[in-house]
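Right, one structure below, let's go through it.
The values are calculated or read from the model by the stated rules, or taken from the named source; none is laboratory data. Just so it is clear, the structure is predicted and the values come from calculations on it, not from any experiment. Backbone-built Cβ (ideal geometry, glycine too); neighbour counts: all protein chains shown. What goes into the accessible areas is simple: the full protein's heavy atoms, side chains included, and nothing from ligands, DNA or RNA. Shrake-Rupley method; radii C 1.70, N 1.55, O 1.52, S 1.80 Å.
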Amino acid sequence: MDKRSFIKSLGIGLATLPLFGKSEAMDLASQMAPLLKGNVLKAGDTIGIITPASALGDEDAITLTKEVLTYFGFKVKEGKYIRQRYGNLAGTDDQRLEDLHDMFADKSVAGILCIRGGAGASRLLGRIDYELIKKNPKALIGYSDITALIMAFQAKAGLVTFHGPVGTSTWSNLVAKTFKEQLMDNQLLTYTNPAKKGDNIVQYKDRITTINPGIAEGKLLGGNLTLISGLCGSPYLPDFTGSILFLEEINESPEKVDRMFCQLMNAGILKQIKGFVFGKCTGCSPSGGYGSLNLDQILRDFIKPLQIPSYSGAVIGHIDDQFLLPVGVQARIDANKGTIEILEKALV
């Protein structure tokens, strides 16, 4: 069923919609249509590697990415332009877009791993062939600046993608185990911070903090705070109504974090969500003295008043042992225990 027929099946007439033009109505159909899911990955499959954002520092980034994928038994197909540089970007917009389209169009490619994030993926959003994406659903994995693609693919195509390590991430045994369980075994995982007391009587690292207690269920959406706040007002953010929102950030001052939460609040997103998880804000400490708010104060000001289940400290973000979260599926969070339970298979 095409989008026009889908809208009509809902009893909504394109010509009589008082609040939506035709293009907006088409986007509404994408938001409400069933999710698209790629196939389960298996040893022997070919994984495409691309650089849709920042340029690579050296050849070693490609070598390490290949070694990671070979570990799981995959074959690797390189994007044509992964070694290119255009300023800070991994080639021109045309080159990076061509690699992205080629990997989705190639029937021999089972999934796509971004080698790194950085900056620049948002430049591609208005030129992506979303019909091509919808006709060739497959797992796309990455985080940080790749959030732009994760959000746009959910908004414009309904594609389930994966917020997790890029090729140049640190692939610990924990990350590798999660990758296999989520993408190759297609398990319904429950994500909880690793328990690492060591020789201590209590856990000091990777603790969670409950903001509002309780349990909530909804569509799991999220990624990098800068990217999501920057996409506000564009057609490349999905509908957050009734969702579980997760966020992470790196190297942003508390003043900028505060400003971005203001943007989410003013855009109405925070009022739409049913649950909230904040991951790591690496390098986001306030400067010396009392010159700014700290992260706890910001979360208390913006999230506490929502009175929805919420917690912070999840191992999501620019860290070694990070979650690999399927974006777009139904999930349940327990803000008391600090868990994210996946309720729906992410692949087929």
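A few comments on the model shown:
- Reference-scaled alpha-carbon Rg (2.2 N^0.38 Å with N residues) for segment 98-213: 1.28
- With contacts taken as Cα pairs under 8 Å and at least 6 residues apart, the chain reaches a relative contact order of 19 percent.
- Alpha-carbon spread of segment 146-193, three principal axes, descending order, Å: 34, 26, 20
- All-pairs Cα distance distribution in segment 48-157, expressed in whole percent, bin size 5 Å: 2, 13, 25, 27, 20, 10, 3, 0
- Where the Cα pairs of segment 220-348 fall when distances are cut into 5 Å bins, in %: 2, 10, 21, 25, 21, 14, 5, 2, 1, 0, 0
- Remark on ARG85: its backbone amide H falls under 5 Å from those of GLY91, a criterion applied only to residues 5 or more positions apart or on other chains, H modelled at 1.01 Å from N.
- Solvent exposure of the chain, expressed per residue, is 43 Å² of accessible area, with all protein chains present and a 1.4 angstrom probe.
- Qualifying aspartates and glutamates (Cα of each under 20 Å from Cα of LYS177; at least 8 residues distant if same chain): ASP45, GLU67, ASP185, ASP206, ASP320, ASP321, GLU341, GLU344
- With all protein chains in place and a 1.4 Å probe, the accessible surface of the chain carries 51 percent carbon and sulfur.
- By a 1.4 Å probe calculation restricted to protein chains, LEU247 has an accessible surface near 0 Å², given to the nearest 10.
- Proximal charge balance of TYR143 [Cβ under 14 Å; K/R count +1, D/E count -1]: -3
- With 25 Å as the limit on Cα-Cα distance, the pairs of LYS138/LYS337; LYS37/LYS107; LYS196/LYS256 that go past it are LYS138/LYS337; LYS196/LYS256.
- With 10 Å bins from 0: P(r) over the chain, alpha-carbon pairs, percent: 5, 25, 35, 25, 9, 1, 0
- Gyration tensor verdict on segment 109-173 (Cα atoms; rounded if a/c is under 1.5, prolate if a/b is larger than b/c, oblate otherwise): oblate
- The three principal axes of the Cα atoms in segment 171-230 give end-to-end lengths of 41, 34, 25 Å, sorted in falling order.
- When cysteine pairs in the chain are screened for C-beta atoms closer than 4.7 angstrom, the residues that find no partner are CYS114, CYS232, CYS262.
- Net charge of Cβ neighbours under 11 Å - reference LYS80; Lys, Arg +1; Asp, Glu -1: -1
- With all protein chains modelled, accessible area of PHE276 [1.4 Å, Å²]: 0
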